[in-house]
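Some notes on the structure that comes next.
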Amino acid sequence: MFRPKPTSRFILLTLTLFLLVTFLTSIRASEPTSNESEDGELEELLALDEQVEQEEDQAGSNARSSEAEVLTKAQRIVLELNHDNTKRVIEKNEYVLVLGYAPWCARSAELMPQFAEAATSLSELGSPLLMAKLDAERYPKTASSLEIKGFPTLLLFVNGTSQVYTGGFSAEEIVIWARKKTGEPVIRISSVTAAEEFLEKHHIFVVGLFEKFEGHYYEEFVEAATSDNAIQFVEVSDIDVANVLFPNVKPTNLFLGIVKSEAERYTAYEGTFEMEKILQFLDYNKFPLVNKLTESNSASVYSSPLKLQVIIFAEEDEFKKLQEPVQDIARQFKSKIMFIYIDITDENLAKPYLTLFGLEEAESTVVAAFDVRVNSKYLLESNLTPSNMEEFCSRLLHGTLSPHFKSQPIPNNTNETVQVTVGKTFDDLVLNSHKNVVLEVFTPWCTTCETTSKRVEKLAKHFKGLDNLLFARIDVSANEHPKLNVDDYPTLLFYAANDKENPIKLSTKSSLKDLATSINKHLKAKDEVAKDEL
C-alpha cells in the first residue's frame, strides 16, 4: 500500500486548512446585512435575560435577608442562659419558659425556630413571659440543676417553681400555651376588623358569645379556657363579630362553638355551660375528620377519649384519592370513631402498627381498626370501597367485627416430626384435635429457645410410635390466637386430649429424661409409655 511521506502529509494538511478558511471567509462575506440586526436583537435579549436573573437573585437575596433578620431578632429576644446567669434569671422573673437543647439533637434543631418565632409573637403581644434557652451539653451541671434530662425539654418557671410544658410544638401552639399559663386564657375581640385579622393567624379556636362578660356561664367558660392547654379561646359580645368567626350564629345572648381549618370547619356546642362538659366537647371535636399522624401530634392523638380508631395506611398520592370518600365516612361517625391516616412509607410511624397485624412488609393501602377499650384489633380484608369501609366502621361501632389475629401462611407439615402451627391452624391442630399435644411456644429473638427446640425434636422422635400424641411448635412473634396467652419464652404446654381448655406447663429446664417422664405421666396410660430409652 502507498504511504505518503511525512513531508507530503504535512503539505496536504496545510492546503486543506487553507481552503477551509478561505471557504468560511467567503460565506461570512456573502451573508446579508440583516443578520447584523438579528445579532443586535439577540444581544438585547441576552442582556434582558441577564437583568431578569439579577432582579430575581436580588429578590431572593432580599427574602433570605428578611428571613435572617426575623430569625436574628427572635434570637435576640430569646435569652441565652449559662452557668452564671441561669439562677438569677429564673429567680428575678415571674415567668420564664426555658428550652433545654443539645446542638446535635435533630428535634432541638426543629423546635428552635418555632421557639424563636413564638418569642417574637409573645413580645409583640406584650406578654410578661421571658423566653430563654440553655445549651445542656455545654452546661451539663446547670441543666441537671433544672432537671433537664432529655432533648429538647421545655420547662415553665413561675416564681422560681418549674412545671413541665404540655403544649404543642408549633410557634402558634407555644404562644397559646404560654398565654394561658401566664394569666391570659381568653382573647377578647371587639371589632370585625380584629376578627378578620385573628382568622388569618389561627387554625383552631373556640369562640364564646356573651351579652356581658360576667356571670356563672361566663366563669365556666373562662375556667374551661384556663384548663385547656392547646386551643385558643375567644370571647365576643357583638353578633356581627361572632358571625365573622363562626358564620350564621343565631341572635342570642349565649353561644359557643369550635372552628377548625379543615373540611368539618364549624361545630356548635349544644350542651350546658359547665367547664367539664365544655372540655369534653372539645376532646371529642378538636381533631380533624381524618388526622394525619406525625411525631409532633402523636401524643395528643393517643390520648384522645375516642377509643375506637380506624387507621388508613397508604402512600401520600394514594391517600389523596381516598381522602374525600374517607372524610364523608368519618363525618357519619364523628365523635364516635377517630380516623387516622399514616403514611405507609414512614417506617417510624407505620411499621410498629403494621407489625401488630403481621403486615410490616405491606406496600399497598391497608385499612385497620383498634378498640382500645378491649385491646382488640381488626383488619378490612374485603376490597377497599366506600361501602365496604362504611360497613367495616359500622360493625366496629356496634361490636360485631371479628378480631384480627396474626398468622403466617399455612405450612406443609408432611413428614415433619414436629408440626408447625400458625394462627390459622391453631384450632384444628391443637384445640380441636383428638390427640394429646405437646406445644413448643417460641420467638426468633429468644436466646434459649433453640436449645428447647432441639430437645423437642428428640422427644418427638422418642414418642414417634404413639398415635395419640402430637408434637407442635408456634412462633408467637408472627402468629396469634385468642386462647394462647404466653409471655415467657420458651414455653412448653401439654394439651390433654380430654381437656384442651387447661394446658399444663412443662418445665423447659428439665432434662430430656425428666421431660419424657412428665409427658408419660400426663398420658395416664401404662401401655402408652414408650419402651425405648433416651
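General observations
- Solvent exposure of the stretch 142-300 as accessible area per residue, Å², 1.4 Å probe: 48
- The stretch 492-507 and the stretch 257-302: distance between their alpha carbon centers, rounded to Å: 50
- Solvent-accessible area of the stretch 218-267 (1.4 angstrom probe, protein heavy atoms only): carbon and sulfur portion equals 46 percent.
- Rounded if a/c under 1.5, otherwise prolate or oblate - the stretch 293-412, Cα gyration tensor axes: rounded
- When both the stretch 426-450 and the stretch 347-367 are represented by their alpha-carbon centers, they are found 26 Å apart.
- Dipole magnitude of the stretch 307-455 about its Cα centre (Cβ charges: Lys, Arg +1; Asp, Glu -1), debye to nearest 20: 740
- Charge dipole (Cα centre; +1 on Lys/Arg Cβ, -1 on Asp/Glu Cβ; no other charges) of the stretch 73-187 amounts to roughly 220 debye.
- The stretch 169-236: C-alpha gyration tensor shape, a/c 1.5 cut-off, then a/b vs b/c: oblate
- Accessible-area composition of the stretch 306-457, carbon plus sulfur, in percent [1.4 Å probe]: 46
- √(5λ) per eigenvalue of the Cα gyration tensor, the stretch 376-517, largest first, Å: 34, 15, 14
- Here the stretch 146-246 is assigned +1 on the Cβ of each Lys and Arg and -1 on the Cβ of each Asp and Glu. Its dipole about the Cα centre then comes out at about 500 debye.
- Taking every protein chain into account, the accessible area of the stretch 431-520 amounts to 52 square angstrom per residue (probe 1.4 Å).
- Summed side-chain charge close to SER227 - residues other than SER227 whose Cβ falls under 15 Å, Lys, Arg +1, Asp, Glu -1: -3
- Anisotropy class of the stretch 238-347 from Cα gyration tensor, a/c 1.5 cut: prolate
- 21 Å Cα-Cα threshold exceeded, pairs from LYS458/LYS509; LYS201/LYS286; LYS321/LYS406; LYS141/LYS180: LYS321/LYS406; LYS141/LYS180
- Vicinal HN-Hα couplings computed from phi for the stretch 81-86 (Karplus, 6.51 cos²θ - 1.76 cosθ + 1.60; Hz; Gly/Pro x): 8, 8, 4, 7, 9, 4
The values are calculated or read from the model by the stated rules, or taken from the named source; none is laboratory data. The model shown is predicted, which means the values in this text are computed figures rather than measured ones. No Cβ is skipped: glycine too gets one built from the backbone with ideal geometry, and neighbour counts run over all protein chains shown. Protein only, heavy atoms only, side chains kept; ligands, DNA and RNA dropped before computing areas. Shrake-Rupley method; radii C 1.70, N 1.55, O 1.52, S 1.80 Å.
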